[in-house]
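To keep things clear, I will list the structure first and then write my remarks on it.
The values are calculated or read from the model by the stated rules, or taken from the named source; none is laboratory data. Only a predicted model underlies this, so the values are computations on that prediction, with no experimental measurement involved. All Cβ positions, glycine included, derive from the backbone under ideal geometry; neighbour counts span all protein chains shown. Please note that ligands, DNA and RNA were not included when accessible areas were found on the heavy atoms of the full protein model with its side chains. Shrake-Rupley method; radii C 1.70, N 1.55, O 1.52, S 1.80 Å.
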Amino acid sequence: MRISYSALDTYQTCPLKYKYREIDRIKELKSKEAVFGTLLHSVMHYIHSPALVLPTLEEALNFFSQNWNADIWASELEERSAFSQGVKIIQDYYAKNDPADFTIVDLESRFSIEIGDEKSGTHIIAGIIDRIDKTADGYEIIDYKTAKKMPSQETVNTNLQLSIYLKAFLDRYPKERENLDS
């Protein structure tokens, strides 16, 4: 079986929703939160795409504004609040990060990993890692999130999605297994 992390997560959360979405292929409209998150992912991809001159904050905000869809929001107040939140996220990103300071190994890195064994059967999990950076200490796997609250370190340490990303990374860079903290 071939499955994405998103589909696996849907199954773990609600098997019936998984059936409707993945087996019956019933299309559902993306939530406004999903549309918002997708746009911010696009902005980050725009900011970090290889170029001679990386986009300025103003250019990133212009990209965000040009791709904004006001029609998905229930009211003008909700739409303005969400738009302001997106602008603040981008401004904060630039305030805390200089895009030129990153050594990006891969953007939107597609992967496909095999899990399981001969006895129980093998399955393929496929997905996309938002960004992989080379750092002074090794590598960093970046997964963009738009949630207002940062997860706890315990949540991060036990996160299935990040474990899958790590396996995909180590399949691509097997020598990095030696550099893992025990």
Task: Selection from Ser75, Met150, Ala60 lying farthest towards where the dipole of the range 39-157 points positive, charges on Cβ - done: Ser75
Open item on the list: Counting heavy atoms of the protein chains only and a 1.4 Å probe, report the per residue accessible area for the chain as a whole number of Å².
Closed with: 69 Å²
Open item on the list: Quick check: at a probe of 1.4 Å, how many percent of the accessible area of the range 67-114 sits on carbon and sulfur atoms?
Closed with: 46 percent
- [ ] Can you list which of the chymotrypsin sites (Phe, Trp or Tyr not before Pro) found in the range 124-182 are DSSP loop residues with at most 16 other C-beta atoms within 10 Å?
- [x] Tyr144
Open item on the list: Over the chain, with a Gaussian network built from C-alpha contacts below 10 Å, which listed residue (Lys27, Lys88, Lys145) shows the highest mean-square fluctuation?
Closed with: Lys27
Open item on the list: Could you give each residue of the range 63-71 its phi-based ³J(HN,Hα) in whole Hz, using Karplus coefficients 6.51, -1.76, 1.60 with θ = phi - 60°, and x for Gly or Pro?
Closed with: 4, 4, 4, 5, 9, 6, 10, 6, 6
Task: Potential lengthening between Glu154 and Glu140 on full extension [0.36 nm per residue; Cα-Cα distance subtracted] - done: 3.2 nm
TODO: For the range 1-139, give the magnitude of the charge dipole about the Cα centre (Cβ charges: +1 Lys/Arg, -1 Asp/Glu; no others), in debye to the nearest 20.
DONE: 480 debye
- [ ] May I ask for the equivalent-ellipsoid semi-axes of the range 137-182, computed as the square root of five times each C-alpha gyration tensor eigenvalue and listed largest first in whole Å?
- [x] 22, 12, 10
- [ ] Give the range of the longest stretch in the chain that excludes all GluC sites (Glu not before Pro) found in loop regions by DSSP and having at most 10 other beta-carbon atoms within 10 Å.
- [x] 29-117
TODO: Provide the per-residue ³J(HN,Hα) series for the range 148-165, in order, calculated from phi with Karplus coefficients 6.51, -1.76, 1.60 and θ = phi - 60°, each as a whole number of Hz, with x at glycine and proline positions.
DONE: 6, 10, 6, x, 5, 4, 4, 5, 4, 5, 10, 6, 5, 4, 5, 5, 5, 4
Open item on the list: Taking the square root of 5 times each eigenvalue of the Cα gyration tensor, what semi-axes in Å does the equivalent ellipsoid of the range 21-114 have, largest first?
Closed with: 26, 23, 10
